[in-house]
Amino acid sequence: MTVFATDHKGRNSAPHTATVLIIAGGRGTRFWPESRINRPKPLFSIDGKTSLLAATVARMEPLIARERIFVLASADQAPLFRPVLKKLLPPRNLIVEPEGRGTAVAIAYGTGVIAERLSDDAIVAVMPADHYVTPAAAFQRTLREAVMLAASHAAIVVIGIKPTRPETGYGYLKIGAAISLPSARRSKSLARVLPVPRPLLCGRSKERVTAGEDKGEGADISHGLDPATGVAFKLDRFVEKPPASAALRMMRSGRYLWNAGMFVMSAATLAGELAQHAPSLAETMHTLPPMKAAQLERSYHALEFDSFDRVVAEKSRNVLGVRARFRWHDVGSWEGLWEALRDGSRNVLMGNVLEIGADGVLARTRDHMMVLLGVKDIVAIETADVILIANRTQSQDVRKIIDELKRRGSQKYL
């Protein structure tokens with residue numbers, strides 16, 4: 001996807017090339033026993049066929065060529081991702097950071113590498129590797145809008161999700177004044193390089209998305225997009241994970257969206273923001289990419305560990321937003337997966353599972369038949385060497401199992 005920015009008189013300026021930087025990291029300990037040290041969360045497969053990482057790459061490719069899709073991973077996890085990415089992307093598109101230093105460093109370094117290889121004008125869409133997003137066509141339409149907004153306004157663009165419950169585990173975005181999206185149909189240059197068919201038809205999929213038809217959590221245009229604010233907006237402020245009472249109040253107000261951790265901006269815009277708010281990181285965007293391995297490792301280790309939200313986004317006065325047209329979940333736990341997949345039903349059953357009188361169950365089996373009789377609110381997970389039975393509402397505490405296994409010295413199960 002190539003986007004042409006316009007100056008204040010509406011004239012075309014330099015072309016912007018849209019790229020994607022997928023941040024692949026984290027152990028995913030709350031998905032134990034499926035996620036292990038040698039199988040981090042981005043390699044987790046919801047359907048047993050396609051990993052979250054592979055699904056994330058596949059969502060991008062109808063809009064953005066694989067040559068411009070990059071994955072950033074730490075040196076200890078990169079060897080785990082290479083076999084998956086080998087079939088999806090050019091080998092050099094795996095960007096390896098010496099160690100995890102938080103999303104601020106990861107995004108600065110990854111964007112610096114992209115700018116060095118392509119251009120400072122490259123528009124970089126930063127995406128998590130391990131979120132659940134559907135339908136793909138609705139995501140692609142939202143991404144198209146975010147890229148166009150980032151190119152035309154030289155801003156950081158965030159993607160917000162319409163809340164469906166008073167969630168205390170997510171950050172929120174407060175919606176400011178409405179703004180207009182640049183229209184490819186009104187601009188001959190954009191129409192040439194960024195066609196927007198109606199209805200949108202992406203890739204070989206037959207899934208068509210038009211206004212009012214988007215489905216799922218945070219995506220129903222008929223009631224999810226307030227006519228008073230529209231699709232695009234100026235961001236008023238970021239809100240950290242709120243207490244339950246505040247989350248309920250924000251959800252009911254209709255003026256807040258969940259922060260999905262998706263950012264779109266040009267490399268030049270990021271460099272400018274870093275120069276204002278984190279000068280040391282601004283410098284590293286240019287100095288780190290050409291370094292040899294040993295020097296890179298030393299320099300990287302000296303950088304402060306921090307999040308992109310805190311270091312840049314929350315301080316910037318140059319943040320715009322678009323409302324997501326797609327269903328989204330960060331699937332941060334087994335209960336999160338149950339919530340994402342249940343689609344109004346009470347049970348989510350994967351594999352050869354027989355349930356009689358079960359309620360509120362997430363069950364996943366591989367080689368054996370699993371029978372659930374009269375059980376309620378549980379997670380039942382079978383892997384090749386472990387069976388997990390847990391209260392679904394306590395699935396966040398799976399980390400305690402990891403701690404206990406470490407205490408016992410049961411390394412083979414970690």
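Summary table
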| item | result |
| --- | --- |
| Beta bridges by DSSP in the stretch 341-413, antiparallel share as percent, to the nearest 5 | 30 percent |
| Set of aspartates and glutamates near Lys174 by C-alpha distance (under 20 Å), chain-local residues within fewer than 8 positions excluded | Glu145, Glu217, Asp220, Asp226, Asp236, Glu240, Asp309, Glu314, Asp330 |
| Packing-based ranking, highest mean first, of 99-112, 342-355 given that Cβ atoms within 10 Å are counted | 99-112, 342-355 |
| The stretch 270-414 - share of DSSP beta bridges that are antiparallel (%, nearest 5) | 30 percent |
| Flagged links, alpha-carbon separation over 22 Å, of Lys41/Lys162; Lys241/Lys376; Lys376/Lys406; Lys41/Lys412; Lys241/Lys315; Lys162/Lys234 | Lys41/Lys162; Lys241/Lys376; Lys376/Lys406 |
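Only the coordinates and a few stated rules stand behind these numbers; no lab work does. On a predicted model such as this, the values are computed, not experimentally measured, just so you know. Here the Cβ is made from the backbone with ideal geometry for all residues, glycine too, and neighbour counts use every protein chain on show.
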